[in-house]
Each structure stands twice: as structure tokens, then as C-alpha cells.
Amino acid sequence: MTGTTETAAVEAAAGAATAPVPAPAPRPARLWRGATPWLFLLAPLTLLIVFTYAPIANMVAYSFTDWDGVSPGLNYTGAENYTELFTRSELFEVFWVSGYYLAASVIQIVAALYFATILSFNVRFRNFFKGVLFFPYLINGVAIGFVFLYFFQDGGTLDSVLSLFGVETDRAWLGTPESANTSLAAVSVWRYLGLNFVLFLGAIQSIPGELYEAAELDGANRWHQFRHIIAPGIKPVLSLTVILSISGSLSVFEIPYIMTGGATGTETFVIQTVKLAFQFNKTGLASAAAVVLLLIVLVVTWVQRRLAPDDKVDLV
């Protein structure tokens, strides 16, 4: 029996050795196969270079000139724009306004995480509430600015609602820097809450359901499930939302520009940069300010990634 087995093995090995080896694909076919992925990437890479990296390169180049944005000619001025930028402290004082939006982003993240956690479980009308929370993010920012401009005006919607509850107020919600920035930050929370909510909800729903079942068998309540399953599982997404919130707080533009135009102490760094370029015709200085803002965002992102590295999460 053993000899028969050995003979069969030898014959199989010999057959494998004498089996014909498939011929390699022709060179043109191999080249076409290697170029196919790049052909699919050609269109998006072209759009990315033309509409993202090329404008950034032009912006950096303009920051070393005195171009006014209109004249066909420009003069190279070296680092003069950056020197002016860093020697005029009033140009950086507008960053204090970003503190309102940074504080609002904390509230926004906490609220989004709360609603995402609640609606990730089997609750009634959860699909309806998902739509309600995400809907503001789909509305155009200009439309939101005009809607809330009437909402906060004297005798507007907010005052009318408060009067129904017997609260009489004659304050101008956009009349002082404190109330105006607080109101604008609240509008920002209302608009971008849905984005963070969807990010958190997707991360929570990607956690295997077996972990919740095992936790329930061990007697874990909802708080324990959040602390030991949900929180570790969404750490990468939480890190992403923090980066987006910080960068967004530093580069706020749309809502305050539409509602106040930067008046009443609501001017942000981006609004100031736009005014330098299009109102005072200092495109070179504005380009330098934009480069500085880009570097600040990159540095803040790098520091955040160093302090809270995006480690791989393994819950199973």
C-alpha cells in the first residue's frame, strides 16, 4: 500500500514538472494593465492640481509681491508682506473672535456625540430625528445667514418667541461684540451639528453588534457600553472631528460675513483677509495672511496628532 502511494506521488510530481508553463502576457498588455489605474486617476488628479495645488502655489508666489489684484504688473518685495503682517498686532487680534467658535465647537461635539449615541440604539422615530439633525447641514450657508439675520433682529423671531413666554427684551442680539459673537457661534453649532452627528453615528454603527450583546449578558448598562465600547471604538473619528472643529474655528467666514459683515467686533481672520484683498486692494498682503493661516492650521493639526495619536483600535 505504501509503495503504491509513493508511486502515485512520484507520478504526480513528474506530471507537475512536465505541465506547460503559461506564457507571459505580451509587453503591451502588461503596460496597459499597469497604466489602467493611472487612467482612472487622471481626471481627479487633474482637477485637484488645477483647482487646489496650483492656486496655493500662486497664493504663495503673490505673498512675496505688492500686487493689488488689478494691475497687470507686480513687483517682488521679498518678505515685506510677512514683516508687515507680524509687526501689526491688530491683524492678529481678530483671532480672539475664534475663541467663541472654539467654545461652540466643544458644545457641538458633545451634543453630536450624545445624539449619535442615543439614536444608535433602537429608539422610536430615530430615522426622523436623524433627518432633523442632519437637515441644517444641507442648507446653503448664505440662506442660513439671511434666515438668522431676521431671527436675531430687533423685534424679530427670537424676540417674538420670548414674548410668548412673558420675557420682554429690548437688547440688540447683534449689537454688542459679546452677544453678536455668541449668537453667530450658536448659528454655527446649529448648522454643523449634523455633520459631526453623521460622522459619529457611522463610527458607532461600524462597531460589531456582538459586543453590545456580550456586554448586556455581563450586565452592562448604556453608560458602561458607551464608556468601554463606543468611546474607544470612535476614537479615530473623534480625533478627526476635533481637527475639523479647530481648523473651522480659525477660518470662520460665511455666517459672520453674511450676517454682520465683520462689524460689531465679529470680524474673523478670513473676513479681514478678504477685505485686504478686495476692499483695500492689497492682494499681496492678503496672500501672506492666507499663507500664515494655512501654516497655523497645519501646525495645530500636527500638535493635535502628536498629543492624541490615531492608534489602531481593536475591540474584539
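The values are calculated or read from the model by the stated rules, or taken from the named source; none is laboratory data. It should be emphasised that the depicted structure is a prediction, and the values quoted were computed from it without experimental measurement. Cβ sites come from the backbone with ideal geometry, for glycine too, and all protein chains shown count toward neighbours. Calculation scope for accessible area: heavy atoms of the full protein, side chains included, ligands and nucleic acids excluded. Shrake-Rupley method; radii C 1.70, N 1.55, O 1.52, S 1.80 Å.
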Subject >> Phe146 without any contact (Cβ under 8 Å) to a residue 12 or more places away in the chain and touching a helix residue (DSSP H, G or I) at 6+ places or on another chain (Cβ under 9 Å) >> reply: no
Original post:
So is Thr283 within 23 Å of Trp96 (Cα to Cα), surrounded by 14 or more Cβ atoms within 10 Å (Cβ to Cβ) and in contact (Cβ under 8 Å) with a residue 12 or more places away in the chain or not?
Top reply: no
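Give me the residue from segment 73-99 that is under 15 Å from Thr273 (Cα atoms) and not hydrophobic (A, V, I, L, M, F, W, C) and, out of that set, most open to solvent (accessible area, probe 1.4 Å). Steps first, answer last, please.
We begin by selecting, within segment 73-99, every residue under 15 Å from Thr273 (Cα atoms); these are 81-82, 84-86, 88-95, 97-98.
Adding the requirement that they be not hydrophobic (A, V, I, L, M, F, W, C) leaves 81-82, 84, 88-90, 93, 98.
On the way: Asn81: 16, Tyr82: 40, Glu84: 57, Arg88: 70, Ser89: 77, Glu90: 86, Glu93: 103, Ser98: 9 Å².
Of everything passing the filter in segment 73-99, Glu93 is most open to solvent (accessible area, probe 1.4 Å).
Of a type in the set (A, V, I, L, M), open to solvent by less than 50 Å² (accessible area, probe 1.4 Å) and either more than 29 Å from Thr52 (Cβ to Cβ) or within 20 Å of the chain's Cα centre (by Cα) (or both): does that describe Val291?
On the way: of a type in the set (A, V, I, L, M): yes; open to solvent by less than 50 Å² (accessible area, probe 1.4 Å): yes; either more than 29 Å from Thr52 (Cβ to Cβ) or within 20 Å of the chain's Cα centre (by Cα) (or both): yes.
The answer is yes for Val291.
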Subject >> Leu47 at pLDDT 90 or above, open to solvent by less than 50 Å² (accessible area, probe 1.4 Å) and not acidic (Asp, Glu) >> reply: no
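Results for (1) assigned to a helix (DSSP H, G or I); (2) aromatic (Phe, Trp, Tyr), shown as yes or no for each residue.
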site: Ala172; (1), (2): no, no
site: Ser179; (1), (2): yes, no
site: Tyr192; (1), (2): yes, yes
site: Ile207; (1), (2): no, no
site: Glu216; (1), (2): yes, no
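Is it the case that Ile107 is assigned to a helix (DSSP H, G or I), among the hydrophobic types (A, V, I, L, M, F, W, C), within 19 Å of Ile246 (Cβ to Cβ) and out of contact with any Leu (no Cβ under 8 Å at 6 or more places or on another chain)? If you could, list the steps in order and put the result at the bottom.
On the way: assigned to a helix (DSSP H, G or I): yes; among the hydrophobic types (A, V, I, L, M, F, W, C): yes; within 19 Å of Ile246 (Cβ to Cβ): yes; out of contact with any Leu (no Cβ under 8 Å at 6 or more places or on another chain): yes.
Taking the combined requirement at face value, the residue satisfies it.
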**OP:** Out of the residues in segment 169-193 that are of a type in the set (S, T, N, Q) and open to solvent by 40 Å² or more (accessible area, probe 1.4 Å), state the one that is modelled with the highest pLDDT.
**Re:** Thr182
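Take the residues of segment 138-168 that are loosely packed, with under 12 Cβ neighbours inside 10 Å and assigned to a loop (DSSP other than H, G, I, E, B): which is modelled with the lowest pLDDT? Reasoning before the result, please.
Keep residues of segment 138-168 that are loosely packed, with under 12 Cβ neighbours inside 10 Å, which gives 138, 140, 143, 150, 155, 160-161, 164-168.
The next check asks that each one be assigned to a loop (DSSP other than H, G, I, E, B); those that pass are 140, 155, 165-168.
On the way: Asn140: 90, Gly155: 80, Phe165: 82, Gly166: 78, Val167: 78, Glu168: 75.
Selected residue: Glu168.
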Subject >> Listing of helices (runs of 4 or more DSSP H) fully contained in segment 235-316 that carry 2 or more residues being among the charged types (D, E, K, R) >> reply: 283-307
**OP:** Write out, first by first residue and then by second, each pair whose Cβ atoms fall under 8 Å of each other, whose residues are 6+ apart or on separate chains, and whose first residue, in segment 43-63, is under 26 Å from Gly284 (Cβ atoms) while the second is assigned to a loop (DSSP other than H, G, I, E, B).
**Re:** Tyr62/Leu74
